[in-house]
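Quick notes on the structure that follows.
Derivation of every value follows stated rules applied to the coordinates shown; laboratory data play no part. What you see is a predicted model, and the numbers here were worked out from it, not measured in a lab. Heads up, the Cβs are rebuilt from the backbone with ideal geometry, glycines too, and the neighbour counts pull from every protein chain shown.
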Amino acid sequence: MQVLTPLFHVFVFPGFLFLIAFGLFASWVDRKLIAKMQNRVGPPLMQPFADLIKLLAKEDIVPESADRSMFAIAPLVAFAGVIASAIYVPMWSFQAANSFAGDLIVVLYLLTLPAFALFLGGWYSANPFATIGATRVLSQLFGYEVPFFLACLGPALVAGSWSISDITFQQVDGGWLIAAAPLSFAVAMIALIGKLERVPFDIPQAKQEIVTGPEVEYTGRRLALWKLTFLTETIVGSALIAALFLGGPHFWGIPFDAMPVWLAGLVGMIVLGVKILLIVFFLSLTQAAMARIRIDQMVPWCLLWLGIPALVNLGIIMFTMSRVGA
Amino acid sequence: MAKLSFPIGPQHPALKEPENLRFTVDGELVVDADIRIGYVHRSIERSCSERNYVQDLYLCERVCGICSNAHTLAFCQAVEAIVGVEIPERAQWIRMLMHEFERIHSHMLWLGVAGHEIGFETLFMYVWRDREVIQDILETVSGNRGHYAMTMLGGVRYDITDEMVGKIREGLQFLRDRAEHYADIATSEQTFLQRTANVGAVSGERCVELGACGPVLRASGVGYDVRRAFPYLQYDKVEFPIRTSELCDVLGRTLVRVREVIDACDICFQCLDMMPEGDVNMRFPRKVPEGEAVVRIEAQRGELIYYVRSNGTDVPERVKIRTPTLANLPVSLEMVKGGQIADIPIAFASIDPCFSCTDRMVELDDVNSGDSRTMTWSELVKLGRRA
């Protein structure tokens, strides 16, 4: 059992299987919501699953002039990064599957991996569209990643801990950290759009301009891996924001202590699932309400309107803490 | 980063029609652009001079799927000018109605495509949903949603009955309100403004120099509209403003088109009010006397020119079509040069291009030696494959 538990966490819950299942469900919710907002019918429940199966069954082509090993490794690294990060994010109780003193930094790093892998995969595809898309991935990274890090720093400062599980647990008594860091929360939400490459920041993919950019040469299984990477990153990213700002599985009036462990886990999962779906709703809303902006507009805008508010919120937190401490 | 040169097309997921664009980019900046058309040459002009006038009507209708009525209108006006007949007045008003209906449908289609090109899918979905109203009106009047086959030599095929008028008025009022709403969105939605303002800017002088026409020309501040400059049908009897914009960019072209939808609705209301009773068509001779005529009309994309020469038989000797897209292509290249890669799709789309309408082949005889050349099928195939 001792050996099996970590394997279970990696491959079944909250890792591989759960993330894929919930990711597909969230993707259906997302597509259905956008469809409703756009006055369309939208796909049936199993459509994302069917799309995945279709991709898995399709022919896998590697361009002749592409770097074969980089092309093949990139999506694997990206997907592995997201799955690994899920282990340190609380998914059912206030304690993640695994945690240590600095896991917030590791999760932020692991969630950056898909962008770098996407850049490398696109760059080594040897396709002009993929090349342009790959450079856009990197340019965009500078726009959202710095504000996202700064935003996640806010709750960590308030809680005085670099462990996500710690930060989440402190919110049971101390209240949700969105109250202490509202600007950081807003910044993290908008930066998440950039991280997931969704409208208005779907600039690296931009199907009308560069035909999905770095992914253009990917087919079959490998394309499915890219799709899965972004599906699961949506879940992990949302769960991270929920854990840092919205108390993770916490909700007032739910007596987790009085429940048996399995029930507490189930209820916690449902509460957190609802919070994740609310964040997905926000993502769908922005997707439906906006046009894609340009890369030269995106980076300065992000640094100005995300970077500065995140810094201001950090300043307020540090000032208040120094006053309270003294 | 070194300069990168890459082709888009003739086969490319972002293109709706086969054409070949070649861009040189420096990072995200477009340094140079070139276009090669001719991939959807259907030899319509040649086919026209091998069929009789009534058959040509069907052929001309199919030059374009979106401005099909404009093509038959121009063709009929030209042939009627050669014969020298005046068609019944009611038919002229109904032709005008169809002309404006088509303008509404085409401009709304364009607005949806523009939304799509800048990644604003919701605008696309909403506009195309509302466009169904004008499609229903067109179907009520002609029986068809596209290729209306409404215009015929000597008039129009169907009359507009009193029952139709109520439905038409109701639909037009709805469309007018929606168009005002979209004009509002275009001037207030931030991401839309960011993607259209100062994008693909071309000055009015440059537009005139390169021979642009239609909404592209008007959006650069030049108030030229064939309906006003050379009135045909009954356009001198209705009131409508010529919409211009001093913005010279994609936003200006959007606003001009959206406001033209509003104007088109108003013109339709006037048509319905002023239409006299009477016949809608007349007997038209099978054989057309010798002569030639040039007709220009303001199609929704710009000035459409038809030249027809007859030789006294029931088959025209020559039909020459100049579509507005051809006139707007040079200026479209100006729009993308010096801009961003991200602006290429919307800048090109802003001329409302239709490449299959435009494709013609011209082989000039040598004036000095008088030599003419005949191309074989295999030569044509070879020419078509050169990319």
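Mind giving me the FRET efficiency for residue B:277 and residue B:42? R0 is 41 Å, r the Cβ-Cβ distance, nearest 0.05 is fine. Could the numbers behind the result be given before it?
Details: r = 41 Å, r/R0 = 0.99.
Calculated value: 0.50.
Given +1 at the Cβ of Lys and Arg, -1 at the Cβ of Asp and Glu and no other charges, the dipole of segment A:4-325 around its Cα centre is 620 debye to the nearest 20.
Rounded to the nearest 500, the 222 nm mean residue ellipticity of the protein assembly as shown from helices alone is -18500 deg cm²/dmol, with -39,500 (n - 2.57) taken per DSSP H run of at least 4 residues. A P(r) calculated from all alpha carbon pairs of segment A:251-326, with 5 Å bins opening at zero, reads 3, 11, 10, 11, 12, 13, 15, 14, 8, 4, 1 percent. Extending 7 Å from the Cα toward the beta-carbon at both residue A:116 and residue B:32 defines two label points whose distance is 3.8 nm.
Screening chain A for whole DSSP H helices with an alpha carbon extent of at least 20 angstrom along the helix axis and a mean Kyte-Doolittle hydropathy of at least 1.0 yields A:16-37, A:68-86, A:103-123, A:128-159, A:220-245, A:261-289, A:308-325.
Close amide H contacts of residue B:32 (hydrogens built in the peptide plane, cut-off under 5 Å, sequence separation of 5 or more or a different chain): B:24. A Gaussian network model of chain B, with springs between Cα atoms under 10 Å, assigns the largest mean-square fluctuation among B:181, B:107, B:147 to B:181.
Note on segment B:44-341: Cα-only Rg and Dmax are 19.3, 60 Å. I need the calculated FRET efficiency for the pair residue B:5 and residue B:139, taking r as the beta carbon distance and R₀ as 56 Å, to the nearest 0.05. Result of the calculation: an efficiency of 0.75. With a simple spin-label model that places each label point 7 Å from the Cα along the Cα-to-Cβ direction, the separation between residue B:229 and residue A:262 comes to 8.2 nm. Cβ crowding within 10 Å, taken as a proxy for footprinting-reagent exposure, orders B:72, B:244 from fewest neighbours to most as B:244, B:72. Between A:214, A:255, A:114, the Gaussian network model of chain A with springs among Cα atoms under 10 angstrom shows the greatest mean-square fluctuation at A:255.
For residue A:41 and residue A:105, compute 0.36 nm times the residue count separating them, minus their Cα-Cα distance, and round to one decimal in nm. Could you put the intermediate results ahead of the total?
Numbers: separation 64, 0.36 × 64 = 23.04 nm, distance 4.14 nm.
This chain segment gains 18.9 nm when fully extended.
Give, in nm to one decimal, the length gained when the segment between residue B:187 and residue B:22 is fully stretched (0.36 nm per residue of separation minus the Cα-Cα distance). Don't jump to the answer; show the numbers that get you there.
Details: separation 165, 0.36 × 165 = 59.40 nm, distance 3.25 nm.
56.2 nm is the gain from fully extending residue B:187 to residue B:22.
Working from label points 7 Å from Cα in the Cα-to-Cβ sense, the residue B:206 to residue B:51 distance is 4.1 nm. Residue by residue, segment B:198-204 carries 3J(HN,Hα) couplings of 6, 9, x, 6, 9, 6, x Hz when phi is fed to the Karplus relation 6.51 cos²θ - 1.76 cosθ + 1.60 (θ = phi - 60°); x denotes Gly or Pro.
Figure the gain on full extension for residue B:366 and residue B:132 (residue separation times 0.36 nm, minus the Cα-Cα span) and round it to one decimal in nm. Working shown, then result.
Values: separation 234, 0.36 × 234 = 84.24 nm, distance 5.09 nm.
Residue separation times 0.36 nm, minus the Cα-Cα distance, leaves 79.1 nm.
Per-residue 3J(HN,Hα) values for segment B:47-55, derived from phi via the Karplus relation 6.51 cos²θ - 1.76 cosθ + 1.60 with θ = phi - 60°, read 4, 4, 7, 10, 10, 7, 4, 5, 5 Hz in sequence order (x marks Gly and Pro).
Quick check: convex hull of the Cα atoms in chain A, volume per residue, rounded to a whole Å³? It would help to have the intermediate numbers written out before the result.
Numbers: hull volume 46.8 nm³, N = 326.
It is 144 Å³ per residue.
When only Cα pairs below 8 angstrom with a gap of at least 6 residues are kept, segment B:44-341 shows a relative contact order of 28 percent. Within a straight-line Cα-Cα reach of under 18 Å, residue A:275 can be paired with the following aspartates and glutamates, leaving aside sequence neighbours fewer than 8 residues apart in one chain: A:30, A:233. Near residue A:287, once Lys and Arg are set to +1 and Asp and Glu to -1 for all other residues with Cβ below 12 Å from its Cβ, the sum equals -1. Applying 1/(1 + (r/R0)^6) with R0 = 51 Å to the Cβ-Cβ distance of residue B:266 and residue A:312 gives a FRET efficiency near 0.50.
Partner lysines whose Cα lies under 22 Å from the Cα of residue A:227, excluding those fewer than 8 positions away in the same chain, are identified as A:32, A:54, A:58, A:195, A:207.
When the dipole is taken about the Cα centre of the protein assembly as shown, and only Lys, Arg (+1) and Asp, Glu (-1) are charged at their Cβ, what size is it in debye, to the nearest 20? List each step's numbers first, then the result.
Working: 62 positive and 75 negative charges, 234 e Å.
That gives the protein assembly as shown a dipole magnitude of about 1120 debye.
Taking a temperature of 4 °C and a viscosity of 1.567 mPa s, what whole-number D in µm²/s does Stokes-Einstein yield for the protein assembly as shown with Rh from Kirkwood over alpha carbon pairs? My calculation gives 45 µm²/s for D. Result for chain B in a Gaussian network model with C-alpha springs under 10 Å: among B:216, B:25, B:63, the largest mean-square fluctuation is at B:25. Taking the Cα centre of segment B:44-341 as reference, the dipole from Cβ charges on Lys and Arg (+1) and Asp and Glu (-1) amounts to some 740 debye. Between amide H atoms placed 1.01 Å from N, distances below 5 Å from residue B:303 occur with B:214, all of them 5 or more places distant or on a separate chain. Taking segment A:133-173 and a reference point 7 angstrom along Cα→Cβ of residue A:321, the backbone N atoms nearer than 11 Å belong to A:153-162.
Positive-end ranking of B:250, B:161, B:211 along the dipole of segment B:44-341, with charges on Cβ about the Cα centre, is headed by B:211.
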